[in-house]
Amino acid sequence: EDQVTQSPEALRLQEGESSSLNCSYTVSGLRGLFWYRQDPGKGPEFLFTLYSAGEEKEKERLKATLTKKESFLHITAPKPEDSATYLCAVQARTGGSYIPTFGRGTSLIVHP
Amino acid sequence: NAGVMQNPRHLVRRRGQEARLRCSPMKGHSHVYWYRQLPEEGLKFMVYLQKENIIDESGMPKERFSAEFPKEGPSILRIQQVVRGDSAAYFCASSQGPPSSYEQYFGPGTRLTVT
């Protein structure tokens with residue numbers, strides 16, 4: 001069974017204090033790994049898709065990286081508006097209809 | 001270009017009543033997915049549909065839950081005889097093609113409260 005573990009569960013940062021969120025996964029052949037951002041009371045907003053180890057993607061202050069066992073979401077000089085829950089999801093290469101499995105998320109709060 | 005739309009945004013039902021949740025996918029998207037999110041838990045897949053077809057319902061409870069995506073109109077998730085444990089946020093997502101090749105885009109969710 002595919003498993004996704006995100007850490008930490010919650011993270012508090014000061015504005016400008018860079019940090020990383022972790023997504024560890026166990027899957028029978030990774031087809032894709034997704035990062036989403038979810039604001040309170042709203043649906044997840046798509047951020048990135050990573051397909052192979054060594055791949056990196058960037059968007060503003062966010063950079064996602066991928067290894068064979070985990071992915072990191074690096075947040076550089078965060079601002080209060082980056083406060084949200086960040087979700088990771090993995091998609092297996094084999095079997096089923098390729099529906100991604102989601103982790104429980106990391107709740108990020110950035111203080112001004 | 002409008003995103004995924006869901007209605008109602010909030011729904012209150014008494015135990016034993018029926019709940020109907022609607023989802024209109026993004027323009028040009030013909031693949032729809034339903035997820036459930038409980039407090040402090042991740043998104044749990046329920047069902048994947050394409051127009052007039054259920055592709056994967058492996059996450060759908062065997063009883064009381066059903067879903068459809070007719071040729072015309074929105075996708076509907078139906079919960080019969082609701083119980084308190086059905087209280088959750090239900091999210092719909094859509095994609096332009098199959099999930100093997102296309103990302104999913106989510107709607108704002110419907111928050112169901114069963115009293």
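Residues in segment B:89-115 that are assigned to a strand (DSSP E or B) and over 20 Å from A:Cys88 (Cα atoms): B:Thr110, B:Arg111, B:Leu112, B:Thr113, B:Val114. The set of residues in segment A:42-71 being in contact with an Asp or Glu (Cβ under 7 Å, 6 or more places away or on another chain) and surrounded by fewer than 20 Cβ atoms within 10 Å (Cβ to Cβ) consists of A:Phe46, A:Thr49, A:Arg61, A:Lys63, A:Thr65. Taken as a whole, the structure leaves B:Ser30 outside the set of residues that are among the hydroxyl-bearing types (Ser, Thr, Tyr), open to solvent by 40 Å² or more (accessible area, probe 1.4 Å) and in contact with a Ser or Thr (Cβ under 9 Å, 6 or more places away or on another chain). Within segment A:27-42, is there a residue that is modelled with pLDDT of 95 or more and assigned to a loop (DSSP other than H, G, I, E, B)? Checked segment A:27-42: at least one residue is modelled with pLDDT of 95 or more and assigned to a loop (DSSP other than H, G, I, E, B).
Of everything listed in (1) at pLDDT 95 or above; (2) open to solvent by 20 Å² or more (accessible area, probe 1.4 Å); (3) assigned to a strand (DSSP E or B), the single unmet condition for A:Glu17 is (3). Restricted to segment A:72-104, and to residues there that are under 20 Å from A:Glu58 (Cα atoms), open to solvent by 10 Å² or more (accessible area, probe 1.4 Å) and in a loop (DSSP other than H, G, I, E, B), the residue that is nearest to the other protein chains (Cβ to nearest Cβ) is A:Ser83. Taking segment A:43-64 as the range and being assigned to a loop (DSSP other than H, G, I, E, B) and charged (D, E, K, R) as the test, the residues that pass are A:Glu55, A:Glu60, A:Arg61.
What number of residues in segment B:98-115 are surrounded by fewer than 16 Cβ atoms within 10 Å (Cβ to Cβ) and touching a residue at least 60 places away in the same chain (Cβ under 8 Å)? Residues that pass the stated criteria total 4. A single entry from A:Glu45, A:Glu9 fulfils the requirement of being closer than 24 Å to B:Met26 by Cβ, touching a Lys or Arg at 6+ places or on another chain (Cβ under 8 Å), acidic (Asp, Glu) and within 14 Å of chain B (Cβ to nearest Cβ): A:Glu45.
The values are calculated or read from the model by the stated rules, or taken from the named source; none is laboratory data. This one's a predicted model, so the numbers in the text were calculated from it and none came from an experiment. Cβ: placed from backbone, ideal geometry, glycine included. Neighbour counts: every protein chain shown. SASA here: full protein model, heavy atoms, side chains in, ligands and nucleic acids out. Shrake-Rupley method; radii C 1.70, N 1.55, O 1.52, S 1.80 Å.
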